[in-house]
Amino acid sequence: MNVHFSYKHTVRSPQVDRVIHRHVQKLNKWLTTFDPDLVHLHATLEYHSAREGFKTSLNLRLPVGQLFATEAGKTAQASMRAAFDGLERQFKDKMAVLRNGKTRSTTRSKVQGPKSKVTPLS
């Protein structure tokens, strides 16, 4: 898996690196079915202001589609954990759809009233 992290208005720290490393390892376990050269993870960690805190954006490109998660938090670790959790949920949903071969669609109920016959007036 190709991993690329960007930091905007903030610097790398050992705590952030630990969170990144742990979640990338978890992703690698899930992505064993895909060719590692075809999987790309792009992430951005930005600091906005003391009131808004940190914002993390994750973009995971897979051969079967693209997943995107954005989360904000008071600390860099909190925003990254929330973003990775969102990405994890999306990935599990995507894989469930691929395994079952089902697509999301609305189904009409099969129980419908009888159709009325139209007779011509004479």
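The values are calculated or read from the model by the stated rules, or taken from the named source; none is laboratory data. No experiment lies behind these values; they were computed from the predicted model shown. For neighbour counting, all protein chains shown are included, and Cβ atoms are generated from backbone atoms with ideal geometry for every residue, glycine included.
Some values worked out for this structure:
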| read-out | value |
| --- | --- |
| Candidate set from region 91-122 (those that are surrounded by fewer than 10 Cβ atoms within 10 Å (Cβ to Cβ) and either among the charged types (D, E, K, R) or at pLDDT 90 or above (or both)); member that is nearest to LEU41 (Cα to Cα) | ARG99 |
| Meets criteria (small (Gly, Ala, Ser), modelled with pLDDT of 90 or more and under 26 Å from GLY101 (Cβ atoms)) for GLY73 | no |
| Positions within region 33-90 being polar (S, T, N, Q) and under 15 Å from HIS4 (Cβ atoms), in sequence order | THR44, THR56, SER57, ASN59, GLN66 |
| Verdict on ALA76 being at negative phi, under 12 Å from the mean Cα position of the chain (by Cα) and of a type in the set (Gly, Ala, Ser) | no |
| Given (1) under 14 Å from the mean Cα position of the chain (by Cα); (2) within 20 Å of HIS9 (Cβ to Cβ); (3) at pLDDT below 90; (4) of a type in the set (A, V, I, L, M), index of the condition ALA82 fails | (3) |
| Sole residue being surrounded by fewer than 16 Cβ atoms within 10 Å (Cβ to Cβ), on the phi > 0 side of the Ramachandran plot and not hydroxyl-bearing (Ser, Thr, Tyr), chosen from HIS42, HIS9 | HIS9 |
| Search result, residues across region 13-28 that are farther than 18 Å from GLY86 by Cβ and not polar (S, T, N, Q) | PRO14, ASP17, ARG18, HIS21 |
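Matching residues to (1) surrounded by 16 or more Cβ atoms within 10 Å (Cβ to Cβ); (2) part of a helix (DSSP H, G or I); (3) in contact with a Lys or Arg (Cβ under 9 Å, 6 or more places away or on another chain); (4) not hydrophobic (A, V, I, L, M, F, W, C):
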{"residue": "GLN15", "(1), (2), (3), (4)": "no, yes, no, yes"}
{"residue": "GLN25", "(1), (2), (3), (4)": "no, yes, no, yes"}
{"residue": "ASN28", "(1), (2), (3), (4)": "no, yes, no, yes"}
{"residue": "ASP37", "(1), (2), (3), (4)": "no, yes, no, yes"}
{"residue": "TYR47", "(1), (2), (3), (4)": "yes, no, yes, yes"}
{"residue": "LEU60", "(1), (2), (3), (4)": "yes, no, no, no"}
{"residue": "GLU71", "(1), (2), (3), (4)": "yes, no, yes, yes"}
{"residue": "ASP85", "(1), (2), (3), (4)": "no, yes, no, yes"}
{"residue": "ARG89", "(1), (2), (3), (4)": "no, yes, no, yes"}
